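Below is one structure, written out as structure tokens; the observations come after it.
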Amino acid sequence: MFGPDPIGDVDEELSFHLEMRVREFIEQGETPERARELALLRFGDYDGSRRECVVIDRRRRRHMTRTDYLAELRQDALYAMRMLRRTPGFTLVAVITLALGIGANTAIFSVVQGVLLAGLPYPSADRLYQPRMLYPDGTAYTSLSAPDFMSVREGSRVFEQVDAYSSGVFTLLGAGEPQEVRGANVSDGLFQLLGMRVAIGRGFAPAEHRSGQGKVAVLDHGFWQRTFGGDPGVLGRTVRIGGDPYTIVGVLASDAQLPETVDMYAPLEYGETFSAATAQRRRAEYLHVIARAREGATAARVEDDLKRLGVQLQQDFPETNGRLTFTSTSLRRMIVGDVEGPLWTLLGAVGLVLLVACANVANLLLARGSARGGELAVRAAIGAGRGRLLRQLLTEAVVLSIAGGAAGLLIAWWATRALVAAQPADIPRLGQVGLNGTVMLFTLAISVATGVAFGLLPALQATGVRLSRSLREGGRSAAPGKSAHRVRATLVVAEMALSVVLLMGAGLLIRSFVGMMQVAPGFRPEQGMSFRVTLQGDEYAGAQQIRDRVSGFESRLRTVPGVTAVAATTILPLSGLGSVIDFAVVGAPPPPPDVNREIGAASVTPGYFSTIGAPLKRGRGFTDQDDGRRPAVAVINEAAVRRWFTDRDPLGQLVEMSGEQIEIVGVVADIRQRHPGEPIVPQLFRPYAQRTTRTVRFVVRSTTDPTALAPSIRAEVRRLDPNLAITDFTPLTRLIAGSVARPRFYTALLALFAGVALALAATGIFGVMSYSVAQRTREISIRMALGARSSQVLGMIVGRAVALAGAGALIGLAGAVTLARVIQNQLYGVGIFDPLTAGLVVLVLVGSAAAASLLPARRAAGLDPAAALRE
């Protein structure tokens with residue numbers, strides 16, 4: 001039908017059947033040469049028959065439909081699976097290698113997708129912002145005062161709605177055992193702003209936001225199910241929250257939530273300070289403000305409008321807002337916090353692991369491809385062009401990578417579940433992490449891309465061999481030649497370079513982590529423990545009642561066997577600054593414009609510093625005589641001395657805070673209140689008897705394991721007040737562990753990735769050296785027959801591996817500097833290029849390469865020259 005054929009009438013189906021026939025013969029166990037003889041019986045020489053088959057194949061393809069192409073692709077995939085089943089060892093190694101790389105990428109991407117990429121569960125979430133107060137030193141606190149909130153609500157031109165909430169810890173009575181709950185007071189439009197629907201009952205009426213009228217509560221859906229068993233009859237029930245009676249009027253829908261965890265909601269009551277015209281309590285910042293920008297408003301417009309409003313308040317209220325202005329951050333960034341950069345870095349790092357895995361599998365395919373020269377020659381003989389062979393080999397690579405991706409999903413499923421269960425380092429939105437549809441598509445995409453990435457180079461190399469020569473040699477594998485060896489060596493160097501990048505990053509983070517752990521916390525955590533109580537109710541209506549009860553608790557706790565010291569505080573070390581209050585030294589000139597006039601303030605009972613093991617440097621601590629009837633006194637830390645008293649003795653100096661003058665009576669050693677990697681900031685301590693709070697943390701030191709005392713401590717507290725919720729028993733050692741939780745998490749993951757990359761790179765060196773020894777058996781035998789010693793052969797093979805590792809190390813060190821710049825903000829006490837870390841990394845890499853090449857080298861050194869030459 002296509003015209004006369006030079007070697008006979010051959011229809012278009014014949015070329016297709018010939019190709020399939022060769023495959024069948026090979027699958028049935030025939031050697032490539034026998035399959036060639038059977039399939040090409042009617043053809044003459046290779047070149048002539050190939051030309052004729054190519055002509056027939058081209059004619060056939062002109063008439064192929066999309067269905068035909070799909071059928072051919074399906075056929076290629078089935079053939080690829082059969083070929084992989086015939087080499088189970090190769091397939092298993094390749095699938096495991098790819099599963100490690102793809103599984104790790106999938107697990108980290110699931111975290112990135114859930115934490116960073118998934119949309120917020122709020123309407124018009126991309127237009128939600130958090131207005132913040134910007135201080136002279138660049139600090140932007142996350143809350144506003146009531147007057148500043150009203151100024152933003154009434155004075156902003158770019159926001160269409162502005163609402164706020166305050167949150168705190170309260171004791172709940174009337175729902176079983178006393179328990180501590182997280183409560184929030186919300187403004188009149190917050191539920192509507194965030195799309196928080198009420199499932200049963202109702203929300204808050206406008207009248208309930210008036211002062212003294214807000215004694216109603218709405219329950220979080222999860223809290224309602226946990227505490228009240230999901231009982232709809234809870235509506236109308238009265239419970240006591242913080243000592244006051246509240247009537248439950250509604251339950252939120254299951255998907256309704258604030259940016260932070262809250263159990264119960266109450267109306268935010270608008271008192272006299274909720275006015276844009278007042279100067280009172282403008283620095284009492286406790287409201288978290290959320291605003292929705294108008295349609296089309298950009299972040300730059302939002303920032304400009306807030307700065308305009310800040311300038312206006314500077315003029316209207318110079319005493320409280322004189323050097324302050326407003327700024328904002330998107331609600332998404334506020335929720336995500338500072339985990340965005342590290343998570344993207346981890347995703348990039350695990351991508352390098354996948355590249356190492358690709359290089360490893362590419363090396364395996366190169367070795368395998370050189371052994372398939374006969375098969376490829378036979379296929380070419382019946383008309384398969386290079387493009388057709390490339391497609392088949394790439395199909396095999398993609399099928400292999402999809403199998404690795406399927407196995408990687410199992411690894412990712414396990415890793416993701418373990419990650420979410422561990423709740424590492426307070427990473428937000430971990431509830432959104434999982435193997436959803438987006439993650440599945442990502443896995444499929446990287447599986448296909450990985451297959452093409454590691455399959456293309458071996459396919460080009462395999463199909464570039466002189467197939468006609470391989471066919472005439474009876475189907476024997478074509479010799480790979482120097483170019484093939486160079487390609488394999490290049491891949492090994494690339495693996496080593498990528499491993500160096502990861503090892504350097506992990507090494508720098510490890511050194512930073514070790515440095516943080518060596519930072520003196522300023523207190524002794526050993527054998528210390530803390531717990532929290534919230535004093536609420538009619539019996540704690542006055543400050544004196546609170547002081548007496550705290551003193552009573554301390555006295556009872558000292559009687560517990562094993563307890564050596566007890567004290568109370570409003571803020572623990574490594575847990576934040578506590579209240580941040582305006583601060584000025586009486587009679588001193590004002591600080592420079594770029595220095596904050598604020599200081600962290602905490603209240604502590606006498607004996608607190610000795611209980612936690614923080615030494616007094618100068619002056620005295622607090623005594624029982626420092627009560628509300630005596631002049632106000634304070635102890636400051638050494639950082640406050642460096643900031644405010646560089647030219648004078650702080651003892652006896654008067655400072656002013658919130659209109660009250662306080663005398664400095666002592667200086668305590670710096671107690672770290674924040675992350676060990678952050679600088680120590682000024683801190684002031686007041687006697688608890690002069691500045692009481694309802695939420696108190698008790699610190700207990702004992703001669704034994706303090707956690708074992710928890711039941712006795714709980715019993716003693718309950719004897720004085722059975723209605724108290726006693727929570728958060730925490731060993732002080734856990735404060736240190738928690739303060740470095742995020743750096744430890746990131747360091748551990750990056751070190752794990754670096755270890756996997758190093759293992760894969762060492763495996764790659766082992767494979768290349770083993771293959772090189774197999775290919776050079778004749779050469780090595782001749783060398784040994786001419787007098788080469790076994791030690792020389794051993795040195796030659798190991799030296800080659802070390803040379804490849806050294807080349808990879810040099811290249812990798814340059815790339816490691818780039819990674820170090822990316823993680824620079826996470827480093828502590830170490831530069832972006834640390835000679836010690838670099839030296840250890842190179843030593844580990846070269847040592848791993850030498851160890852990996854030792855077995856192939858010993859095999860080469862143990863060759864019998866005569867026997868090898870006879871073979």
**Request:** Using the heavy atoms of the protein chains and a 1.4 angstrom probe, tell me the accessible area per residue for the chain in square angstrom.
**Result:** 44 Å²
**Fill in**
The percentage of the accessible area of region 91-172 (probe 1.4 Å, all protein chains present) made up of carbon and sulfur atoms, to the nearest whole number, is 56 percent
**Item:** Calculated on alpha-carbon atoms, Rg and Dmax of region 116-268 in Å
**Value:** 16.5, 53
**Asked** So how far apart, in nm, are the two label points at ASP647 and ASP188 if each is 7 Å from Cα heading toward Cβ?
**Response** 5.2 nm
**Prompt:** Looking at THR747, MET769, PRO259, which one has the Cα that reaches farthest to the positive end of the dipole of the chain (charges on Cβ: Lys, Arg +1; Asp, Glu -1)?
**Reply:** MET769
**Item:** Inter-label distance for GLU177 and ARG308, nm, one decimal - labels placed 7 Å from Cα along Cα-to-Cβ
**Value:** 5.6 nm
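Carbon and sulfur: what percent of region 586-698's accessible surface (1.4 Å probe)?
49 percent
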**Under the Debye formula (equal points on every Cα, no solvent term), log10 I(q)/I(0) of the chain at q = 0.09, 0.10 Å⁻¹** = -1.01, -1.15
**Quarter of Cα convex hull surface for region 480-615, i.e. mean projection, nm²** = 18.7 nm²
**Request:** Once every Cα of region 648-718 carries one equal point scatterer and solvent is ignored, give the base-10 log of I(q)/I(0) from the Debye formula at q = 0.27 Å⁻¹, two decimals.
**Result:** -1.27
**Prompt:** Any idea what Rg and Dmax come out to for region 676-787 if you just take the C-alpha atoms, in Å?
**Reply:** 31.0, 95
**Fill in**
With the 8 Å Cα cutoff and a minimum separation of six or more residues, the chain has a relative contact order in percent of 16 percent
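Carbon and sulfur atoms: what percent of the 1.4 Å accessible area of region 216-276 do they account for?
Carbon and sulfur together cover 43 percent of it.
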**Prompt:** Across all directions of projection, what mean area in square nanometres is found for the Cα convex hull of region 97-204?
**Reply:** 13.2 nm²
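Placing unit charges on C-beta atoms (Lys and Arg positive, Asp and Glu negative, everything else neutral), compute the dipole magnitude of region 77-162 about its Cα centre in debye, rounded to 20.
The calculation lands at about 720 debye.
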**Asked** Can you list, largest first and rounded to whole Å, the semi-axes you get for region 724-871 by taking the square root of 5 times each eigenvalue of its Cα gyration tensor?
**Response** 48, 18, 11
**Request:** Let me know the charge dipole size of the chain about its Cα centre in debye, to the nearest 20, where only the beta-carbon of Lys, Arg (+1) and Asp, Glu (-1) is charged.
**Result:** 2640 debye
**Prompt:** Residue separation times 0.36 nm, minus the C-alpha to C-alpha distance between ASP126 and LEU73: what's the value?
**Reply:** 14.7 nm
**Request:** Using a 10 Å cut-off on Cβ atoms, rank the peptides 146-153, 123-130 from the highest mean neighbour count down.
**Result:** 146-153, 123-130
**Asked** Given GLN392, GLY578, VAL239, which one lies farthest toward the positive end of the charge dipole of the chain, if we put +1 on the Cβ of every Lys and Arg and -1 on the Cβ of every Asp and Glu?
**Response** GLN392
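Sorting check: for 256-263, 395-402, which peptide has the highest mean count of neighbouring beta carbons within 10 Å, and how do the rest follow?
Going from most to least packed, we get 395-402, 256-263.
The values are calculated or read from the model by the stated rules, or taken from the named source; none is laboratory data. Note that the structure is predicted; figures quoted are calculated from it, not measured. Positions of Cβ are backbone-derived with ideal geometry, glycine not excepted, and every protein chain shown enters the neighbour counts. These area figures cover heavy atoms from the full protein model, side chains too; ligands, DNA and RNA do not enter into them. Shrake-Rupley method; radii C 1.70, N 1.55, O 1.52, S 1.80 Å.
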